[in-house]
Number of protein chains: 2
Amino acid sequence: MPLTVQPKNAEEGLALEELAYRRLREALGGGAFLPGDRLSIRRVADALGMSSMPARTALRRLAAEQALDLLPTGTAVVPRLTRPAFIELSAIRAELEPLALRLAAPHLDGAALHGLAAIVAGHDEARARGDSDAVRRLDRDFLFTIYRAAQAPLLLNLIETLWLRRGPIFWELRWAALAAGGMRHAHGEILLALRGGQIAAASAALRQEITDASLFIQGAMRFADDDAPKDRLAALKRPQARALGG
Amino acid sequence: MPLTVQPKNAEEGLALEELAYRRLREALGGGAFLPGDRLSIRRVADALGMSSMPARTALRRLAAEQALDLLPTGTAVVPRLTRPAFIELSAIRAELEPLALRLAAPHLDGAALHGLAAIVAGHDEARARGDSDAVRRLDRDFLFTIYRAAQAPLLLNLIETLWLRRGPIFWELRWAALAAGGMRHAHGEILLALRGGQIAAASAALRQEITDASLFIQGAMRFADDDAPKDRLAALKRPQARALGG
DNA sequence: AGTGGCATTTCGTGATCACATTTTTATGGC
DNA sequence: GCCATAAAAATGTGATCACGAAATGCCACT
């Protein structure tokens with residue numbers, strides 16, 4: 001992941017398919033789409049100013065990575081997580097991310113720990129400012145700085161995919177994210193354990209954080225399947241409610 | 001209205017891309033290719049009797065699933081696991097597969113346990129016969145019967161992907177697989193624990209099996225990175241060593 | 001106004017082609 | 001015999017098009 005951001009120059013020499021893929025991936029992770037949105041090949045191609053081919057390939061790639069779902073007709077759609085799917089996703093994260101932390105721990109030298117401390121400090125400051133975007137970004141930075149240190153490319157890729165798939169439902173929770181200020185912030189605790197060489201404790205704290213966040217979201221979120229039955233009946237009477245059309 | 005034409009056989013009504021994908025996936029899992037083999041779009045398309053488009057899409061899909069690697073030029077290549085990559089893969093499996101077992105345990109009723117017992121019995125018989133292919137297949141059946149019972153589609157998909165990626169190196173180990181007869185066979189132990197409702201014990205046994213198998217393979221296998229330096233020198237003197245498959 | 005049926009638009013799939021780059025093979029010089 | 005070099009074959013990418021299926025919109029009819 002490039003640290004320096006130079007979109008124009010960076011995108012200039014890229015293959016079109018790679019450009020489309022990155023744009024779509026960024027849009028997905030950034031909450032540009034809502035769960036249920038349909039992304040047709042031609043519309044994406046038009047929006048990106050390219051022919052169908054690169055857009056098609058990019059959409060298929062994201063679908064293969066589980067970042068998009070495919071309708072039976074082949075149309076790509078932003079995943080609409082059901083409650084069981086979200087629980088499953090959280091359970092997988094609760095296994096893989098502590099694993100990544102344990103793998104990373106031996107590689108975290110003083111400089112790396114110092115960098116993590118800076119992230120935590122920045123996070124606390126951002127939270128004091130009420131800058132929820134910065135909080136979220138720094139939360140992510142803290143964890144992925146650790147995961148990258150694991151030097152486990154396959155595992156890192158899996159975790160990124162899981163986050164990407166969780167992305168859309170998180171952005172629908174933008175309102176709840178503010179309330180999440182009351183959620184226990186475990187990164188300081190994790191950092192402390194890492195500093196002390198207590199790898200198992202750090203791993204357990206991370207697992208606990210993931211589990212807690214999952215429970216919080218399960219409580220705060222109304223999932224697609226939760227209200228589906230009654231909504232279907234309601235939709236018969238009031239055809240507007242929330243069409244899934246794009 | 002007929003949604004799609006009823007296929008005469010399983011492959012008849014299939015979209016070409018799906019057919020290519022399944023054929024390639026089956027070939028990969030079945031050991032038809034060797035690590036390092038290059039699969040070019042046109043050659044695959046020719047072999048399957050279709051145009052480039054479906055073959056291209058199928059190869060890209062497998063690459064996105066990490067079942068194939070891509071050279072910088074875009075050519076697909078059967079993954080050549082290095083030792084660190086294999087260790088990483090095993091570590092991920094050691095987390096995810098026990099998780100799947102724990103999720104599956106509540107759903108394993110008497111009939112399911114009976115089916116598992118039949119698989120174990122068949123496995124023991126096949127091992128007595130020296131039928132290593134059947135042993136391998138029943139080993140896989142035993143585990144995936146459990147994993148499917150977890151009713152966790154995302155997790156199942158991840159595990160399948162990991163197995164697919166591990167596939168090629170396993171088939172290079174065909175010779176060693178026979179010697180693996182001495183490897184502890186933990187499935188009976190797992191089944192016993194499941195029968196007794198000892199989920200944690202079953203999970204631990206599965207994790208131990210994965211770890212043991214990983215260590216065995218690490219000992220028996222010469223990985224790509226292990227002998228790369230000297231082999232490159234040898235290849236300069238004997239240019240034939242191993243031609244790329246087609 | 002509600003409804004059934006039909007036309008239009010949109011969509012994914014797959015074929016074919018041009019183009020630039022890479023990889024392989026043949027060639028010639030040492 | 002060995003290696004650099006050029007010719008040739010192979011390869012990935014992306015554009016464009018045709019085709020059938022699906023979704024949408026429209027309008028006449030009741």
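Treat every Asp and Glu Cβ in the stretch A:50-172 as -1 and every Lys and Arg Cβ as +1, leave all other atoms uncharged, and give the resulting dipole magnitude about the Cα centre to the nearest 20 debye.
The dipole of the stretch A:50-172 has a size of about 380 debye.
By its C-alpha gyration tensor, with a ≥ b ≥ c as the square roots of the eigenvalues, how is the stretch A:10-77 shaped: rounded for a/c under 1.5, else prolate for a/b larger than b/c, else oblate?
Because a/c hits 1.5 or more and a/b exceeds b/c, the stretch A:10-77 counts as prolate.
Quick check: residue separation of A:Arg38 and A:Ala111 times 0.36 nm, minus the Cα distance between them. What number comes out in nm?
In short, 21.8 nm is gained.
At 1.4 Å probe size, put B:Arg148, A:Arg42 in order of accessible surface, largest to smallest.
Accessible-area ranking of B:Arg148, A:Arg42, largest first: A:Arg42, B:Arg148.
Assuming R0 = 22 Å, what is the FRET efficiency of A:Arg140 and A:Leu48, from their Cβ-Cβ distance, to the nearest 0.05?
0.30
Mind checking B:60-71 for the average number of partner chain beta-carbons within 10 Å of each residue's beta-carbon?
What the average comes to for B:60-71 is 3.
Pop out the ³J(HN,Hα) list for the stretch B:17-25 in order, Karplus 6.51 cos²θ - 1.76 cosθ + 1.60 with θ = phi - 60°, rounded to Hz; leave Gly and Pro as x.
4, 5, 4, 4, 4, 5, 4, 5, 5
Shape verdict for the stretch B:102-170, please, from the Cα gyration tensor: rounded (a/c under 1.5), prolate (a/b greater than b/c) or oblate.
Note, shape of the stretch B:102-170 comes out oblate.
To one decimal in nm, how far is B:Ala111 from the same spot in the other copies, if labels go 7 Å from Cα toward Cβ? Please give the shortest first.
So the label point of B:Ala111 gives 6.1 nm to the other copies.
Can you work out ³J(HN,Hα) from phi for every residue in the stretch B:73-83, in order, using Karplus 6.51 cos²θ - 1.76 cosθ + 1.60 and θ = phi - 60°, giving whole Hz and x for Gly and Pro?
7, x, 6, 7, 9, 5, x, 10, 5, 8, 4
Quick one: buried accessible area between B and A, total over both chains, 1.4 angstrom probe, nearest 100 Å²?
Approximately 2000 Å², summed over both chains.
If packing is taken as the average count of other Cβ atoms within 10 Å, what order do A:193-203, A:120-130, A:154-164 fall into, highest mean first?
Ranking the peptides A:193-203, A:120-130, A:154-164 by packing returns A:154-164, A:193-203, A:120-130.
Counting only protein heavy atoms, what percent of the accessible surface of the stretch A:10-77 is carbon or sulfur at a 1.4 Å probe?
51 percent
Calculate what fraction, in whole %, of the accessible area of the stretch A:83-220 sits on carbon and sulfur atoms when a 1.4 Å probe is rolled over the protein chains.
Answer for the stretch A:83-220: carbon and sulfur cover 59 percent of the accessible area.
From the Cα gyration tensor of the stretch B:53-110, with a ≥ b ≥ c the square roots of its eigenvalues, which class applies: rounded if a/c is under 1.5, or else prolate if a/b is larger than b/c, or else oblate?
Oblate.
The values are calculated or read from the model by the stated rules, or taken from the named source; none is laboratory data. What you see is a predicted model, and the numbers here were worked out from it, not measured in a lab. Using ideal geometry, Cβ is built from the backbone for each residue, glycine included, and neighbour counts are taken over all protein chains shown. Surface accessibility is based on the protein's heavy atoms, side chains included, excluding ligands, DNA and RNA. Shrake-Rupley method; radii C 1.70, N 1.55, O 1.52, S 1.80 Å.
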